[in-house]
Every structure is written in C-alpha cells, then in structure tokens.
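All remarks here apply to the structure that follows.
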Amino acid sequence: VNDLNTTINKTNKSTSFLNSGLGRIIKTNLLSRLSFRAIANHVGECLDISTDYTEVLNKLNVAMGDCSEEAISFAKEVQGSLGVDMVEWLDYQGTFASMFKGFKVQEDHMSIMSQQLTQLAYDYSSLYNKPVSEAFNKLNSALSGQIKGLKDYGNNVSVAMVQQTALQYGITEQVSKLDTATQAYLRYITIMNNAEY
C-alpha cells in the first residue's frame, strides 16, 4: 500500500507538472492568437482606409485636374481646424466636382463651387443635427434639378426660383432651354443665395 501511495504521489506530481506546462503553452498560444487577430484586424482597417483614400484622390484628380491639390490643401485645413474626416470631405467635394464637370462647368469655377457646396452640406448637417450624407444627398439632388429635398432646410430651388435668379443676371430665356453649364451655375447661385443659417 505504501509503495502504491508513493507511486500515486509521483504520478500526481508528474501530472501536475505536465498540466501546468501545458496550461502555460495553451495560455501563450491563446494570447498569441488573440494578439495576431488584433494586429490583423488593425492592418485590415489601415488597408481599407488607405484604399478609400486612394479611390477618393483618384476621383478628385479626374474631376478637378490641376485644382485637386488646392482642394486637398483646404481639406487638410478643415480637418485640422474642425476635426472633419478629410477623406469624407474630399469624397463629397469630388462628387460635386464630377457633377459640375458633367455639366461642362469651367474647372476653376468647379473647384470653388464644389468646395462651397461641401461646406454647406456640413453646415446644414450641424444646423439641423442630421448626418452629413443626408445634407450632401439633398444638395446633390438639387443640383440635378430635384428640388424637394432642400425644402426641408428652407432652401427653395424650384424652377421659378432658378428663373428668378436668371432674370437677376439678365437672362430672359427659360432655364430649361439653357445649356447645362448655365443651368448648373444658376442652380448653384440659387442654392447659395437661399441658404438659411
């Protein structure tokens, strides 16, 4: 019986030593896996952000050409001053610029107009406590001639208002008969003039 007890005690000590060693290995392995996953997730997020930034810059360069550097510089200032996400800002500005390019607006005007509409989207977002994307979409629609959305913000861009803007600039033709660039200018001016803060 004594020999059996001694053997059992030795076996328990060996098992205990083996279990503690295995426990450390399992803990180390688990921590390594968790650390690796955290690092992999972080690297993945960084790659996504980098890809988004690259796509936005490409869109901006295609739309704005030589004016894109100025837009990037201004977006950096806005980010530094107001904490605005620069990639999001440039994405909105690039989209407005692409629209103006499609309307055949001059490149140097397109830069200023897209910047000011982007600023207005952020202003409306702050003023009405709405997401920037909502304000952006309403402005985007108004530039395309869909007037309903901006009325929520007290900005009337109806055909009659755009026609009134045209008359202020000595244009007596019906807006619908004007070229797309002139229509875009008139809608932009109407939006900016009617912007309520």
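The values are calculated or read from the model by the stated rules, or taken from the named source; none is laboratory data. Everything numeric here is computed off the predicted structure, so don't read it as measured data. Cβ: placed from backbone, ideal geometry, glycine included. Neighbour counts: every protein chain shown. With ligands, DNA and RNA removed, areas are computed over all heavy atoms of the protein, side chains included. Shrake-Rupley method; radii C 1.70, N 1.55, O 1.52, S 1.80 Å.
Check Ser68, Ser98 and return the single one that is small (Gly, Ala, Ser) and under 16 Å from the mean Cα position of the chain (by Cα).
Just a single option satisfies the conditions, and that option is Ser98.
Residues of segment 73-105 being open to solvent by 70 Å² or more (accessible area, probe 1.4 Å) and either of a type in the set (D, E, K, R) or in contact (Cβ under 8 Å) with a residue 60 or more places away in the chain (or both), which ones?
Lys76, Glu77, Asp85, Lys101, Lys104
When segment 149-188 is examined, which residues are found to be in a helix (DSSP H, G or I), aliphatic (A, V, I, L, M) and open to solvent by less than 40 Å² (accessible area, probe 1.4 Å)?
Within segment 149-188, Leu150, Val162, Ala166, Val175, Ala181, Ala184, Leu186 qualify.
All but one of (1) of a type outside the set (A, V, I, L, M); (2) over 15 Å from the mean Cα position of the chain (by Cα); (3) modelled with pLDDT of 90 or more hold for Lys27, so report the exception by its number.
So Lys27 meets the others, but not (3).
How about segment 165-197: which of its residues are more than 21 Å from Ala121 (Cα to Cα) and either among the basic types (Lys, Arg) or touching a residue at least 24 places away in the same chain (Cβ under 8 Å) (or both)?
The answer is Thr165, Lys177, Asp179, Thr180, Ala181.
Within the bounds of segment 163-182, is there any residue that is at pLDDT below 90 and of a type outside the set (S, T, N, Q)?
No, the conditions are met nowhere in segment 163-182.
What single numbered condition from (1) open to solvent by 50 Å² or more (accessible area, probe 1.4 Å); (2) at pLDDT 90 or above; (3) at negative phi fails to hold for Arg33?
Among (1) open to solvent by 50 Å² or more (accessible area, probe 1.4 Å); (2) at pLDDT 90 or above; (3) at negative phi, the lone unmet condition for Arg33 is (2).
Quick check on my filter: what residues within segment 120-148 are open to solvent by 20 Å² or more (accessible area, probe 1.4 Å), assigned to a helix (DSSP H, G or I) and of a type outside the set (D, E, K, R)?
Once the filter is applied, which keeps residues that are open to solvent by 20 Å² or more (accessible area, probe 1.4 Å), assigned to a helix (DSSP H, G or I) and of a type outside the set (D, E, K, R), segment 120-148 yields Tyr122, Ser126, Leu127, Tyr128, Val132, Ser133, Asn137, Asn140, Ser141.
Among the numbered conditions (1) in contact with a helix residue (DSSP H, G or I) (Cβ under 7 Å, 6 or more places away or on another chain); (2) of a type in the set (Ser, Thr, Tyr); (3) over 21 Å from Thr54 (Cα atoms), tell me where Ser114 comes up short.
Here Ser114 meets the rest and fails (3).
Name the one entry in Leu150, Leu117 that is modelled with pLDDT of 95 or more and either under 19 Å from the mean Cα position of the chain (by Cα) or not acidic (Asp, Glu) (or both).
Leu117
Restricting the search to segment 76-115, which residues are of a type in the set (A, V, I, L, M), within 21 Å of Tyr188 (Cα to Cα) and part of a helix (DSSP H, G or I)?
The answer is Leu90, Ala97, Met99, Met110, Ile112, Met113.
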